[in-house]
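What follows is a single structure, written as structure tokens, with notes after it.
The values are calculated or read from the model by the stated rules, or taken from the named source; none is laboratory data. Values in this document were obtained by computation on a predicted structure and should not be read as measured data. Every residue, glycine as well, gets a Cβ built from its backbone with ideal geometry; the counts of neighbours run over all protein chains shown. To get the accessible areas, we keep the full protein, side chains included, count just its heavy atoms, and leave off ligands, DNA and RNA. Shrake-Rupley method; radii C 1.70, N 1.55, O 1.52, S 1.80 Å.
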Amino acid sequence: DQLFPGMVDIHRGRFEDGDRLFRLYLRTGTPRLRIQAAHWLAISLRMQGRWNESVEAGDALLAAAAPRPEGDQLKLLGQLARALGLLGSARPEEAARLFESSGQLYAQFSESRRARAEAWALTHAGTARAAAGDTVALEALIDRVQTVGARSNYARDQRLHHYLRALLL
């Protein structure tokens with residue numbers, strides 16, 4: 001795997017080396033490699049607290065994913081990367097809207113996978129709503145996360161609503 005050394009670099013805290021590799025493949029790699037490089041670059045930048053650059057990496061991921069046949073799944077990955085960057089860069093309302101709108105991209109998933117992805121995205125939306133101080137919207141999300149999470153085969157997803165209830169308190 002051409003990106004594996006960069007993944008090791010970011011896990012070892014050698015962000016500059018990893019980012020350099022990811023940026024190289026973002027410019028020169030195959031379409032699939034550009035998508036993976038943008039994904040890992042967004043993760044690295046978030047780990048460094050470089051939130052605005054993380055949003056840009058999410059945008060690069062969205063751009064690289066657009067012409068692909070598996071575009072919706074990749075678009076989802078790009079939207080989540082962008083939304084996480086927005087949340088970290090103190091733009092929680094924008095992040096929440098993006099997390100919430102990603103639900104339309106789950107249609108091609110199996111029922112359990114769709115529930116897993118949606119519960120996770122809606123939980124992030126709830127985190128963003130809490131950060132924005134929007135307790136009304138957060139309260140509305142709690143029941144949705146509980147209902148959606150119950151359809152997932154993952155125990156984590158079935159319990160995510162408790163996390164949102166704690167944020168509300």
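Hey, can you tell me all the residues within the stretch 22-45 that are closer than 24 Å to G88 by Cα, open to solvent by less than 60 Å² (accessible area, probe 1.4 Å) and at pLDDT 90 or above?
The answer is F22, L26, A37, A38, H39, W40, L41, A42, I43, S44, L45.
Any chance the stretch 115-137 includes a residue that's in contact with a Lys or Arg (Cβ under 9 Å, 6 or more places away or on another chain), more than 30 Å from G29 (Cβ to Cβ) and free of Cβ contacts under 8 Å to residues at least 12 places away in the same chain?
yes
Of these, D1, D17, which one is of a type in the set (D, E, K, R), over 21 Å from A90 (Cβ atoms) and either open to solvent by less than 70 Å² (accessible area, probe 1.4 Å) or touching an Asp or Glu at 6+ places or on another chain (Cβ under 7 Å) (or both)? Give the derivation first.
Working: D1 fails: either open to solvent by less than 70 Å² (accessible area, probe 1.4 Å) or touching an Asp or Glu at 6+ places or on another chain (Cβ under 7 Å) (or both).
Only one candidate qualifies: D17.
Going through the stretch 1-51 one residue at a time, which ones are of a type in the set (K, R) and closer than 22 Å to K75 by Cβ?
The answer is R23, R27, R32, R34, R46.
Residues are listed down the side, and each one gets a yes or a no for (1) more than 16 Å from R159 (Cα to Cα); (2) touching an Asp or Glu at 6+ places or on another chain (Cβ under 6 Å); (3) at pLDDT below 85; (4) among the hydroxyl-bearing types (S, T, Y):
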site: A64; (1), (2), (3), (4): yes, no, yes, no
site: S89; (1), (2), (3), (4): yes, no, no, yes
site: L105; (1), (2), (3), (4): yes, yes, yes, no
site: E111; (1), (2), (3), (4): yes, no, no, no
site: A121; (1), (2), (3), (4): no, no, no, no
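Given the residues I43, I10, which is the only one that is closer than 21 Å to L80 by Cα, more than 17 Å from the chain's Cα centre (by Cα) and β-branched (V, I, T)?
Numbers: I43 fails: more than 17 Å from the chain's Cα centre (by Cα).
Only one candidate qualifies: I10.
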